Amino acid sequence: MVVGSRVVKRDLETRWLAEPSKGPLQATLRHLQTAFVNFWAKRAGYPSFKKKGRTIDAATYFRGCFTYRDGQVRLAKQGRPLDIVWSRPLPDGAVPSQVTVSRNSRGQYHLSILVEETMASLPSVGARVGVDAGITALVALSTGEKVTNPKHEERDRVRLARAQRELSRKAKGSRNRAKARARVARVHGRIADRRRDCLHTLSTRVICENQTVALEDLPVRNLLRNHTLARSISDASWSELRRMVEYKAGWYGRTVIAVDRFYPSSKTCSACGVVVAELPLHVREWECVCGAVHDRDVNAAKNVLAAGLAVSACGEGVRPPRW
C-alpha cells in the first residue's frame, strides 16, 4: 500500500497495517470502492463507517493469501491451520478461490469458502402447489396441509426480556455491560438460528416436491406498520421464506410465480369463483353461496395456485378487474 512516495506500512502510526495479510486490506478497499460506486449510481446511501464491534467483523482472503490442503485451511501469517468444524464437505475437485472469516455478535467465528460448483436440476415432477403465508399457520398449502408456526421469538421472549433488563442496568462502557450485551446477542442468535433452520427445511421440501410454486407478493414492509401484528409477522419471516424458495428454485430448475398482492385470494371461492364483500380477519372458516365450506388459509392457497397457473399459461394479470 503506497501513498505518494512513502510506504504507509512503515510509518510508526500505521505500522499495524503490516500485521495482517494483504488480502483483507485489499478486500476492504474493494468493498469501499463498490460502496461508492453504488452511491454514485444512486443505488445506495453514502457509505457509513463500520465500527469494530458494532457490525459483523470479517476478513476476506483471496487466492494466494491462504492454502487449502487435505481438508485444512491455513491463512497467511497464521501459525497453524484453522480448527474447523465443517458443516458440509466441499464438492469433489473444488478449488477454493476465496475465504472469508467472520465473527458475529455472539463471538462465534464462521468460515465461508467460495468455490465454483454446478448445481444439477432435480428430476421433473408434475406436482404444483400454492402457498399462503400466515401467522397461526406459518404456511397453508393448496393441498390442504398447514405447517404450524413454531413462533421462535415467542418461545424465548421471557429469556430475551430478562437479558435486556439486565443490559439496561449496566453502566455504559463497562465490562459488565459488554457481558450483558453478549448474553442478549446469544438469545437473539438462538432465535435466528432456529428460525433459519425451520425455513430452510420448509423451503427445500416445497421445492423438491413441486415443479411449480405459486405464492403471494406480500408487502411485508407495509404490513409491519400494523403494531398489533408486527412482532408476529417479523417472527414468521415471510420475506426470508420467499427468498429461499426463489433461489433454490433457480438452483434446481423449478418455477416460482408471484401473484399480485391485491388479488383477493381469501375472499374468492375456489369452487365457484364468487368474491364475498367482507371477510374479517377473525373469520377462519366461511361458507359460500354455492354451499362450499372453506378454510380461509387453504382456500387462499388454492386461489393463489390457480392465479399463478393462469399467469404462467396466458400471461394475464391477476389483479381484480375494475368495473
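The values are calculated or read from the model by the stated rules, or taken from the named source; none is laboratory data. Predicted, not measured: the structure shown is a model, and the values here were computed from it. So basically every Cβ, Gly included, is an ideal-geometry build from the backbone, and we count neighbours across all protein chains shown.
For region 92-112, which positions are more than 20 Å from the chain's Cα centre (by Cα) and either outside the structural domain of residue 24 (by TED's automatic domain parsing) or surrounded by 11 or more Cβ atoms within 10 Å (Cβ to Cβ) (or both)?
Taking region 92-112 first, the residues more than 20 Å from the chain's Cα centre (by Cα) are 92-99, 107.
94, 96, 97, 98, 99 - these are the residues of region 92-112 that are more than 20 Å from the chain's Cα centre (by Cα) and either outside the structural domain of residue 24 (by TED's automatic domain parsing) or surrounded by 11 or more Cβ atoms within 10 Å (Cβ to Cβ) (or both).
Being among the charged types (D, E, K, R) and under 15 Å from residue 135 (Cβ atoms) is the filter here, so list the residues in region 199-235 that pass it. Break it down into steps so the answer makes sense when it comes.
Taking region 199-235 and keeping what is among the charged types (D, E, K, R), we get 205, 209, 216-217, 221, 225, 231, 235.
Listed by number, the residues that qualify are 216, 231, 235.
Just a yes or no: is a residue in region 304-323 under 30 Å from residue 122 (Cβ atoms), modelled with pLDDT of 90 or more and in a loop (DSSP other than H, G, I, E, B)?
no
Using the structure shown, decide if residue 213 is closer than 23 Å to residue 309 by Cβ, at pLDDT 90 or above and not in a helix (DSSP H, G or I). Show your work before the answer.
Details: closer than 23 Å to residue 309 by Cβ: yes; at pLDDT 90 or above: yes; not in a helix (DSSP H, G or I): yes.
The answer is yes for residue 213.
I'd like the residue in region 4-23 that is assigned to a helix (DSSP H, G or I) and in contact (Cβ under 8 Å) with a residue 40 or more places away in the chain and, out of all such residues, is surrounded by the fewest Cβ atoms within 10 Å (Cβ to Cβ).
Residues of region 4-23 that are assigned to a helix (DSSP H, G or I), as a first pass: 8-10, 15-18, 22-23.
Narrowing the set further to residues that are in contact (Cβ under 8 Å) with a residue 40 or more places away in the chain leaves 22-23.
Working: 22: 17, 23: 21.
In this case the residue turns out to be 22.
Where residues in region 43-91 are over 30 Å from residue 33 (Cα atoms) and acidic (Asp, Glu), which of them is surrounded by the fewest Cβ atoms within 10 Å (Cβ to Cβ)?
Checking each candidate, the answer is 70.
In the same structural domain as residue 18 (by TED's automatic domain parsing) and either of a type in the set (A, V, I, L, M) or farther than 16 Å from residue 104 by Cα (or both): is that true of residue 74 in this structure? Outline the logic, then answer.
Numbers: in the same structural domain as residue 18 (by TED's automatic domain parsing): yes; either of a type in the set (A, V, I, L, M) or farther than 16 Å from residue 104 by Cα (or both): yes.
So residue 74 fits the description; yes.
Name the one entry in 265, 203 that is in a loop (DSSP other than H, G, I, E, B), surrounded by 14 or more Cβ atoms within 10 Å (Cβ to Cβ) and either assigned by TED's automatic domain parsing to the domain that holds residue 148 or on the phi < 0 side of the Ramachandran plot (or both). Don't jump to the end; show me each part of the working.
Details: 203 fails: in a loop (DSSP other than H, G, I, E, B).
Answer to the check: 265.
Can you say whether residue 143 is more than 19 Å from residue 200 (Cβ to Cβ), assigned by TED's automatic domain parsing to the domain that holds residue 231 and at pLDDT below 90, as far as the supplied structure shows?
no
Would you be able to say whether some residue in region 246-269 is free of Cβ contacts under 8 Å to residues at least 24 places away in the same chain, farther than 24 Å from residue 198 by Cα and of a type outside the set (Ser, Thr, Tyr)?
Yes, region 246-269 contains a residue that is free of Cβ contacts under 8 Å to residues at least 24 places away in the same chain, farther than 24 Å from residue 198 by Cα and of a type outside the set (Ser, Thr, Tyr).
Here is a list: 178, 182, 161. Which entry is among the small types (Gly, Ala, Ser) and touching a Gly at 6+ places or on another chain (Cβ under 7 Å)? Before you say what the answer is, go through the steps one by one.
On the way: 178 fails: touching a Gly at 6+ places or on another chain (Cβ under 7 Å); 161 fails: touching a Gly at 6+ places or on another chain (Cβ under 7 Å).
The unique qualifying residue is 182.
Given (1) assigned to a helix (DSSP H, G or I); (2) surrounded by fewer than 14 Cβ atoms within 10 Å (Cβ to Cβ), identify the lone condition not met by residue 244.
(2)
Output the residues belonging to region 103-116 that are in contact (Cβ under 8 Å) with a residue 40 or more places away in the chain and under 16 Å from residue 65 (Cβ atoms).
Of region 103-116, the ones in contact (Cβ under 8 Å) with a residue 40 or more places away in the chain are 103-108, 113.
113 - this is the single residue of region 103-116 that is in contact (Cβ under 8 Å) with a residue 40 or more places away in the chain and under 16 Å from residue 65 (Cβ atoms).
Do we have any residue at all in region 119-137 that's within 30 Å of residue 69 (Cβ to Cβ) and either of a type in the set (Val, Ile, Thr) or at pLDDT below 90 (or both)? Write out each step before concluding.
Restricting attention to region 119-137, the residues satisfying the condition of being within 30 Å of residue 69 (Cβ to Cβ) are 119-120.
From the residues that got through so far, the ones that are either of a type in the set (Val, Ile, Thr) or at pLDDT below 90 (or both) too are 119-120.
Yes, region 119-137 has at least one match.
Any residue that is within 29 Å of residue 207 (Cα to Cα) and either without any contact (Cβ under 8 Å) to a residue 12 or more places away in the chain or not in a loop (DSSP other than H, G, I, E, B) (or both) - is there at least one of those in region 157-172?
First, the residues of region 157-172 that are within 29 Å of residue 207 (Cα to Cα): none.
Within region 157-172, not a single residue is within 29 Å of residue 207 (Cα to Cα) and either without any contact (Cβ under 8 Å) to a residue 12 or more places away in the chain or not in a loop (DSSP other than H, G, I, E, B) (or both).
Given the structure, is residue 115 aliphatic (A, V, I, L, M) and surrounded by 16 or more Cβ atoms within 10 Å (Cβ to Cβ)?
In short, no.
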